[in-house]
Each structure stands twice: as C-alpha cells, then as structure tokens.
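K.L.:
Structure provided below as structure tokens; questions to follow.
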Amino acid sequence: MAPSPESSAQPWLDPDNLRFLLRDCQTWAVVGLSGDPSRTAYRIAQFLQERGKRVVPIHPEANHVLGEDGYPSLAEVPFGIDCVDVFRRSEAAGEFADQAVDIGAKGVWFQLGVIDHDAYRRTTEAGVPMVMDTCPAIEWSRYR
C-alpha cells in the first residue's frame with residue numbers, strides 16, 4: 001500500500017500503525033485517566049471499552065475507573081499492556097513513551113494535540129509503533 005500524502009508529511013499518522021493499534025491492541029493503559037467523566041481521557045477510555053478494549057487507568061492516585069483497577073505508574077501494572085495512550089501535555093508526554101518501551105508495550109498513542117518528535121524518534125527506533133496528534137475516536141471508523 002502506498003503511503004497517503006498525509007502519512008508522508010506526518011509519519012506518526014501512518015495508516016498501518018493506526019490500523020495495528022486499533023485492531024490488534026486489546027489492553028490499553030490510559031495515562032491520565034481519572035474518575036472524572038467530564039475529562040476527555042474518561043470519555044475516550046469509555047469509547048475504547050465500549051468497543052471491546054480493556055482499559056487500564058494510569059494515574060498518580062491509582063483510581064478505580066470504569067470497572068478497572070488503576071495503577072500509579074506503567075511499571076506497576078502486573079500484566080502486559082498492548083498500547084499506552086497518553087493524555088498529558090506534549091512537554092510531559094515523552095517520558096511515558098519511554099516507559100511504554102521499557103515495559104514492552106506493543107504501541108504508543110499520543111492524543112490529539114500531543115506531539116513530541118524526540119519521543120517519536122526514540123520509540124520508533126526501539127521498534128515500537130507510535131501515533132501522535134490524533135484520537136482513537138477520530139480514527140476508529142477508518143481503521144477498524
């Protein structure tokens with residue numbers, strides 16, 4: 001498949017990576033997910049859960065959210081994580097991409113407006129697919 005003009009200009013929107021993360025990743029750690037239903041992280045985690053994904057809250061307060069136990073950090077999750085979905089500002093997001101690589105996650109997703117080119121380079125050089133600056137709810141119908 002030839003890359004779309006969009007993916008050529010922005011390699012972090014590669015259709016193959018979008019498809020892989022949305023189709024093949026079943027367990028999603030959502031960094032920044034709290035129990036506040038007015039927050040975007042909550043709504044997107046609920047969206048993923050409604051579509052059959054397991055959602056794992058990663059929050060310093062380790063909340064129990066959407067029926068799942070939360071953990072204060074990725075390193076403390078006692079089972080495998082397929083995708084790490086990051087709801088943090090761009091300047092704070094890169095450390096979670098590094099942690100995702102460290103725990104053996106299969107992919108990293110930075111939400112709409114979250115961009116860190118250095119984290120993208122480090123993550124993809126480590127062989128882990130990464131998507132940035134979009135949302136699973138936006139991409140779902142195109143890549144599922």
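The values are calculated or read from the model by the stated rules, or taken from the named source; none is laboratory data. Computed from a predicted structure; not experimentally measured. A quick note on method: Cβ atoms are made from the backbone with ideal geometry, for glycine too, and the neighbour counts reach across all protein chains shown.
K.L.:
Can you work out which of the residues in region 18-43 that are among the β-branched types (Val, Ile, Thr) and under 16 Å from GLY67 (Cβ atoms) is farthest from the chain's Cα centre (by Cα)?
P.N.:
Looking at the filtered set, the residue picked out is THR27.
K.L.:
If you check VAL65 against the conditions, is it touching a Gly at 6+ places or on another chain (Cβ under 6 Å) and either closer than 27 Å to ASP16 by Cβ or surrounded by 19 or more Cβ atoms within 10 Å (Cβ to Cβ) (or both)?
P.N.:
Answer is yes for this residue.
K.L.:
Considering region 129-144 alone, what residues qualify as being at pLDDT 95 or above and either among the hydroxyl-bearing types (Ser, Thr, Tyr) or not in a helix (DSSP H, G or I) (or both)?
P.N.:
Scanning region 129-144 gives PRO129, MET130, VAL131, MET132, ASP133, THR134, CYS135.
K.L.:
On to the next question. Mind counting the residues in region 38-62 that are surrounded by fewer than 14 Cβ atoms within 10 Å (Cβ to Cβ) and under 15 Å from LEU74 (Cα atoms)?
P.N.:
Of the residues in that region, 2 qualify.
K.L.:
Under 8 Å by Cβ, and 6 or more places apart or on different chains, what pairs join a residue from region 48-70 that is under 19 Å from CYS135 (Cα atoms) and in contact (Cβ under 8 Å) with a residue 40 or more places away in the chain with one that is part of a strand (DSSP E or B) and aliphatic (A, V, I, L, M)?
P.N.:
Taking only residues 6 or more apart or on different chains, the pairs are LEU48/VAL30; LEU48/VAL55.
K.L.:
I'd like the full set of residues that are surrounded by fewer than 24 Cβ atoms within 10 Å (Cβ to Cβ) and either small (Gly, Ala, Ser) or under 21 Å from GLN26 (Cα atoms) (or both), limited to region 88-104.
P.N.:
Within region 88-104, the subset surrounded by fewer than 24 Cβ atoms within 10 Å (Cβ to Cβ) is 88-95, 98-99, 101-104.
Matches in region 88-104: SER90, ALA92, ALA93, GLY94, ASP98, GLN99, VAL101, ASP102, ILE103, GLY104.
K.L.:
Same structure, new question: Scan region 129-139 and tell me whether some residue there is out of contact with any helix residue (DSSP H, G or I) (no Cβ under 8 Å at 6 or more places or on another chain), closer than 16 Å to ASN17 by Cα and of a type in the set (Val, Ile, Thr).
P.N.:
At the first step, the residues of region 129-139 found to be out of contact with any helix residue (DSSP H, G or I) (no Cβ under 8 Å at 6 or more places or on another chain) are 138.
Restricting the remaining residues to those that are closer than 16 Å to ASN17 by Cα gives 138.
Adding the requirement that they be of a type in the set (Val, Ile, Thr) leaves 138.
Looking for residues that are out of contact with any helix residue (DSSP H, G or I) (no Cβ under 8 Å at 6 or more places or on another chain), closer than 16 Å to ASN17 by Cα and of a type in the set (Val, Ile, Thr), one finds at least one in region 129-139, hence yes.
K.L.:
Here is a follow-up. Go through region 95-123 and report how many residues are of a type in the set (S, T, N, Q) and without any contact (Cβ under 8 Å) to a residue 40 or more places away in the chain.
P.N.:
Of the residues in that region, 2 qualify.
K.L.:
Here's a follow-up. Scanning region 109-144 for residues that are among the small types (Gly, Ala, Ser), over 19 Å from ARG43 (Cα atoms) and out of contact with any strand residue (DSSP E or B) (no Cβ under 9 Å at 6 or more places or on another chain), which turns out surrounded by the fewest Cβ atoms within 10 Å (Cβ to Cβ)?
P.N.:
Checking each candidate, the answer is GLY127.
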